[in-house]
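The values are calculated or read from the model by the stated rules, or taken from the named source; none is laboratory data. Keep in mind that what you see is a predicted model, and the values were worked out from it rather than measured. Cβ: placed from backbone, ideal geometry, glycine included. Neighbour counts: every protein chain shown.
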Amino acid sequence: MAEEVKLLKTWSSAFGLRVVWALKLKGIPYEAIDEDLSNKSALLLQYNPVHKKIPVLVHNGNPISESLVILEYIDETWKQNPILPQDPLHRARERFWAKFNDEKLLPSVWGAFTKEGKDREEAMAATMENLKFVEEELKGKKFFSGEKIGLIDLVFGWLANLISIFEEVTGFNIVGEEYPLLSAWMQEFSELPVIKDTWPPRDKMIIKYQALYDKHHPAK
């Protein structure tokens, strides 16, 4: 009996994209269902009634929510091309950096994008500090997970796309010369065969984030 795999996501979500990458790395066929979060489908509300958010992976009718949980589920269910190491210490390290991204790095970048005045300065300073930690973690490695991409690379993957979009919209330089390892990783990661054809259309992303930026920074 063939397995049924569906992924509820949106066209632009970095959280959905990390799940797309994991499925592609594993070679798992799936049906992509793009949601409109301004008009959430009955399917999304059925499969994620608690948070009512994407992404949701549906495997043989069973829903799994929250992108980091989904990534681990995928890795434990389909053993080929592992995205987490076997060693418990190394697995713990990957989970640490995944949480660092979602709880510190991403919120600081978003704050620099949306806030104004002193709050923006503080968010930008936090972003620069967080990026220094990321740069340090790449020392001596091709990818965050070693010679091949793994969980950390999938979670940090949004940097390879959204940072340049944020820079274009805001005019700020976020990842500059002080982050040579991160810059090289962003280029290397974005050109991987399993990654490069999955990016959302850049013109649509610019339009979306320009509108978001204008909403948070109305003309005075």
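Within the stretch 90-97, does at least one residue satisfy the condition of being surrounded by fewer than 18 Cβ atoms within 10 Å (Cβ to Cβ) and more than 20 Å from L25 (Cβ to Cβ)?
The answer is yes, given that some residue of the stretch 90-97 is surrounded by fewer than 18 Cβ atoms within 10 Å (Cβ to Cβ) and more than 20 Å from L25 (Cβ to Cβ).
Under the condition of being of a type in the set (V, I, T) and in a helix (DSSP H, G or I), which residue from the stretch 144-181 is farthest from M205 (Cα to Cα)?
Among those that are of a type in the set (V, I, T) and in a helix (DSSP H, G or I), it is I152.
Can you tell me which of (1) aliphatic (A, V, I, L, M); (2) out of contact with any Lys or Arg (no Cβ under 6 Å at 6 or more places or on another chain); (3) not in a loop (DSSP other than H, G, I, E, B) is the one A219 doesn't meet?
For A219, the exception is condition (3).
Quick one: in the stretch 182-200, of everything that is surrounded by 11 or more Cβ atoms within 10 Å (Cβ to Cβ) and outside any helix (DSSP H, G or I), which residue is farthest from the chain's Cα centre (by Cα)?
L192
Has the stretch 17-34 got at least one residue that is among the acidic types (D, E) and more than 24 Å from T77 (Cα to Cα)?
No - not one qualifying residue is present in the stretch 17-34.
Specify which of the listed residues (E147, E122) is exposed (fewer than 13 other Cβ atoms within 10 Å of the Cβ) and either over 14 Å from the mean Cα position of the chain (by Cα) or under 17 Å from F189 (Cβ atoms) (or both).
Going through E147, E122 in turn, the sole match is E147.
Name every residue in the stretch 105-119 that is under 19 Å from the mean Cα position of the chain (by Cα) and surrounded by fewer than 17 Cβ atoms within 10 Å (Cβ to Cβ), in order of residue number.
If the condition is that a residue be under 19 Å from the mean Cα position of the chain (by Cα) and surrounded by fewer than 17 Cβ atoms within 10 Å (Cβ to Cβ), then P107, W110, G111, T114 are the ones that fit.
Report, by residue number, each residue of the stretch 125-143 that is over 19 Å from the mean Cα position of the chain (by Cα) and either in a strand (DSSP E or B) or surrounded by 18 or more Cβ atoms within 10 Å (Cβ to Cβ) (or both).
Those that are over 19 Å from the mean Cα position of the chain (by Cα) and either in a strand (DSSP E or B) or surrounded by 18 or more Cβ atoms within 10 Å (Cβ to Cβ) (or both): none in the stretch 125-143.
Given (1) in contact (Cβ under 8 Å) with a residue 24 or more places away in the chain; (2) farther than 24 Å from M205 by Cα, where does K141 come up short, assuming only one miss?
Against the list (1) in contact (Cβ under 8 Å) with a residue 24 or more places away in the chain; (2) farther than 24 Å from M205 by Cα, K141 comes up short only on (1).
Can you spot a residue in the stretch 58-67 that is closer than 17 Å to D153 by Cα and either surrounded by 15 or more Cβ atoms within 10 Å (Cβ to Cβ) or in the same structural domain as L138 (by TED's automatic domain parsing) (or both)?
Yes, the stretch 58-67 has at least one match.
Looking at the stretch 174-197, I want the residues that are within 16 Å of L162 (Cα to Cα) and modelled with pLDDT of 95 or more and have a partner that is of a type in the set (D, E) and in a loop (DSSP other than H, G, I, E, B) with Cβ atoms under 9 Å, at least 6 apart or on another chain. Which pairs are those?
From residues that are within 16 Å of L162 (Cα to Cα) and modelled with pLDDT of 95 or more, the pairs are S183/E177.
Considering V155, V169, which residue is touching a Phe, Trp or Tyr at 6+ places or on another chain (Cβ under 8 Å), surrounded by 18 or more Cβ atoms within 10 Å (Cβ to Cβ) and farther than 30 Å from I74 by Cβ?
It is V169.
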